[in-house]
Amino acid sequence: MPSNCRRVLWMACLLCLAPLALAAQPMEAPVYSYVAEWSVPRAQWGDFTYAFDRVQRPILEKGLADGSLISWGVYTNIVHTEDGITHGVWFAGATLAGIEKVRIELVRQPPNQGMTAATKHRDYLLQSVVHRGKTAGPAGGYLSVAGWLVKPGKGQEWRKVWEKNFQPVMDELLAKGTLVSYGLDTEYSHTMDPGWHFAFTVSPSADAEDKVSAAFRAAFEKKTEEERAALRKAFLDLTVAEAHRDMWALLSAYAHK
């Protein structure tokens, strides 16, 4: 989901490092995620939310109940940019058939006024490198997504760095309920440079966001100076620093099976 995990960014920020990147090939059965994003004019924000709750949300809830989906969510971007997206929806499943069943049902519905008023729109079809989650929702929360451009031929090398330094912290946060889900994604249908990798987390509250940040600070502080230097070098060597982008969004609703 785009731009997917921002939690890794906290350590990166602390180290003043270049952004991270992940392995290009999935190491487990993938989860597929369809992400749709819009730039909605401010006057139509209420229309977007109202129409989603009445029209799109019941379809996503049905998809979760019948096994077509394993998660879905709707979000509003918190940190706006001059030409950036304001709203988005994702739905994820274990099969492309499940994704397509839900997508077809969604596009059969009457147009959402907020969506039709949008000045920009784009979609992603992603597949997971890693996907972890626990039963949750429907509820509100926060979505954090980070995008990194991994240098050609460096995916597997970066994956080892990530598995050693970051995944254990995220697994612990998931077990505690501080995170509801996290994942590492690449595009299944490429619309950008194939080196792009996205990482995301879903948390239940702003308090949980602070706890995630604290957990990565603590992990950083436990490292020796030599370990910090090695990690810093790995970040610089494996990614294109200036390409990195983040998104932090408010979830008006999400659910995970």
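Figures for the structure shown
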{"quantity": "Leading residue by the ranking (modelled with the highest pLDDT) among those in the stretch 167-189 that are buried (at least 24 other Cβ atoms within 10 Å of the Cβ) and under 16 Å from F216 (Cα atoms)", "calculated": "L179"}
{"quantity": "Within the stretch 174-186, tally of residues that are over 16 Å from G133 (Cα atoms) and either among the acidic types (D, E) or part of a loop (DSSP other than H, G, I, E, B) (or both)", "calculated": "0"}
{"quantity": "Any hit, the stretch 107-122, residues being out of contact with any His (no Cβ under 9 Å at 6 or more places or on another chain), among the basic types (K, R), farther than 22 Å from A249 by Cα and surrounded by 18 or more Cβ atoms within 10 Å (Cβ to Cβ)", "calculated": "no"}
{"quantity": "Qualifying residue in the stretch 6-25 (condition: crowded, with 18+ Cβ neighbours inside 10 Å, under 17 Å from L250 (Cα atoms) and at pLDDT below 90)", "calculated": "yes"}
{"quantity": "Residue tally, condition within 17 Å of E37 (Cα to Cα), in contact with a Phe, Trp or Tyr (Cβ under 9 Å, 6 or more places away or on another chain) and not polar (S, T, N, Q), over the stretch 47-76", "calculated": "7"}
{"quantity": "Tally, over the stretch 133-144, of residues that are surrounded by fewer than 24 Cβ atoms within 10 Å (Cβ to Cβ) and assigned to a strand (DSSP E or B)", "calculated": "7"}
{"quantity": "Residue match in the stretch 231-249 (condition: closer than 28 Å to F91 by Cβ and in a helix (DSSP H, G or I))", "calculated": "yes"}
{"quantity": "Tally, over the stretch 73-100, of residues that are buried (at least 22 other Cβ atoms within 10 Å of the Cβ) and either assigned to a helix (DSSP H, G or I) or not aliphatic (A, V, I, L, M) (or both)", "calculated": "9"}
{"quantity": "Among the residues listed as K211, K222, the single one being under 20 Å from the mean Cα position of the chain (by Cα), closer than 16 Å to E172 by Cβ and basic (K, R)", "calculated": "K211"}
{"quantity": "Flag for S189 being in a loop (DSSP other than H, G, I, E, B) and hydroxyl-bearing (S, T, Y)", "calculated": "yes"}
{"quantity": "Looking only at the stretch 102-132, and only at residues there that are in a helix (DSSP H, G or I) and modelled with pLDDT under 90, the one that is farthest from Y34 (Cα to Cα)", "calculated": "Q113"}
{"quantity": "Residue check for L60: outside any loop (DSSP other than H, G, I, E, B) and at pLDDT 95 or above", "calculated": "yes"}
{"quantity": "Counted residues, the stretch 140-149 - those being at pLDDT 90 or above and more than 16 Å from G88 (Cα to Cα)", "calculated": "1"}
{"quantity": "Test: residue in the stretch 150-160 that is modelled with pLDDT of 90 or more, under 26 Å from A36 (Cα atoms), within 15 Å of the chain's Cα centre (by Cα) and not small (G, A, S)", "calculated": "no"}
{"quantity": "Test: residue in the stretch 235-247 that is within 24 Å of V150 (Cα to Cα), under 23 Å from the mean Cα position of the chain (by Cα), among the small types (G, A, S) and at pLDDT below 90", "calculated": "yes"}
{"quantity": "Single residue of the stretch 190-214 satisfying the filter (small (G, A, S) and at pLDDT 95 or above) that is surrounded by the most Cβ atoms within 10 Å (Cβ to Cβ)", "calculated": "S203"}
{"quantity": "Those residues of the stretch 26-40 which are modelled with pLDDT of 90 or more and either out of contact with any strand residue (DSSP E or B) (no Cβ under 8 Å at 6 or more places or on another chain) or surrounded by 20 or more Cβ atoms within 10 Å (Cβ to Cβ) (or both), in sequence order", "calculated": "V31, Y32, S33, Y34, V35, E37, W38, V40"}
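The values are calculated or read from the model by the stated rules, or taken from the named source; none is laboratory data. Source: prediction; values computed, not measured. A quick note on method: Cβ atoms are made from the backbone with ideal geometry, for glycine too, and the neighbour counts reach across all protein chains shown.
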